[in-house]
Amino acid sequence: DTAVSQTPKYLVTQMGNDKSIKCEQNLGHDTMYWYKQDSKKFLKIMFSYNNKELIINETVPNRFSPKSPDKAHLNLHINSLELGDSAVYFCASSQDRRAWGQGWYEQYFGPGTRLTVT
Amino acid sequence: GENVEQHPSTLSVQEGDSAVIKCTYSDSASNYFPWYKQELGKGPQLIIDIRSNVGEKKDQRIAVTLNKTAKHFSLHITETQPEDSAVYFCAAPDTGRRALTFGSGTRLQVQP
């Protein structure tokens, strides 16, 4: 059974388009994240949600909008795609962030979505 | 916020040799230090972690050491095998943001 899944795995699109990436976790975790990994492999957090509540919103363009319909899903919608958005996007999940010291930071990652904007 | 530095950026070893990757962190309140392994085309996978109440932790060929005074921690892989080839990331919690800050990654190549 896949713990954290993402769709699609590859996404090729043109500049100016709008696209979405979906993420689902079946671990029963309360917190989900989106990370961006650039071509140099740097992993940088973009957003985190705890029980459908936005917790972290890093300085990413407001063209990026996360949506959490329930605590098992966290989708990422990107408007007006730009060349610089090309990267691999990872979804991750962990236990309740409020349980500090009890595992919220044991994060489990999905397989990634490679976004290429042409 | 937390700042994590990781060295080296690339590491090439012969099969059977040991490999060591080092990280430093800045937030003295950090108390949890995970290591992730990322194979080609896959997501990072948690392979080992250490909490600040211990100095060393081992899991078969993998060990992690922590020096809280110096604010650094290291990953040690013994008897390396070709399947150990991957990018390895260290991380530390940013206690202010409740998020993990990752190191820049080390590409380990194990030559058969």
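The values are calculated or read from the model by the stated rules, or taken from the named source; none is laboratory data. None of the values given here were measured: they were computed from a predicted structure. Every residue, glycine as well, gets a Cβ built from its backbone with ideal geometry; the counts of neighbours run over all protein chains shown.
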Would you confirm, using the coordinates I've provided, whether residue B:83 is within 14 Å of chain A (Cβ to nearest Cβ) and either modelled with pLDDT of 95 or more or more than 23 Å from residue A:105 (Cα to Cα) (or both)? no
Filtering segment B:31-68 down to residues that are within 10 Å of another protein chain (Cβ to nearest Cβ) and not in a loop (DSSP other than H, G, I, E, B) yields B:32, B:33, B:34, B:36, B:38, B:45, B:46, B:49, B:51
Go through segment B:69-84 and report how many residues are buried (at least 20 other Cβ atoms within 10 Å of the Cβ) and in a loop (DSSP other than H, G, I, E, B). 1
Taking segment A:19-74, which residues are more than 11 Å from every other protein chain (Cβ to nearest Cβ), among the polar types (S, T, N, Q) and assigned to a strand (DSSP E or B)? A:20, A:25, A:65, A:68
Which of the residues belonging to segment B:18-30 are over 17 Å from residue B:95 (Cα atoms) and part of a loop (DSSP other than H, G, I, E, B)? B:18
Does residue B:91 satisfy being in a strand (DSSP E or B), within 10 Å of the chain's Cα centre (by Cα) and free of Cβ contacts under 8 Å to residues at least 24 places away in the same chain? no
Out of A:22, A:9, A:52, sole residue that is touching a residue at least 12 places away in the same chain (Cβ under 8 Å) and within 16 Å of residue B:42 (Cα to Cα): A:9
Looking at (1) modelled with pLDDT under 95; (2) of a type outside the set (S, T, N, Q); (3) surrounded by 15 or more Cβ atoms within 10 Å (Cβ to Cβ); (4) farther than 30 Å from residue A:7 by Cα, which is the only condition residue B:29 fails? (3)
Report whether or not residue A:16 is surrounded by fewer than 22 Cβ atoms within 10 Å (Cβ to Cβ), assigned to a loop (DSSP other than H, G, I, E, B) and modelled with pLDDT under 95. no
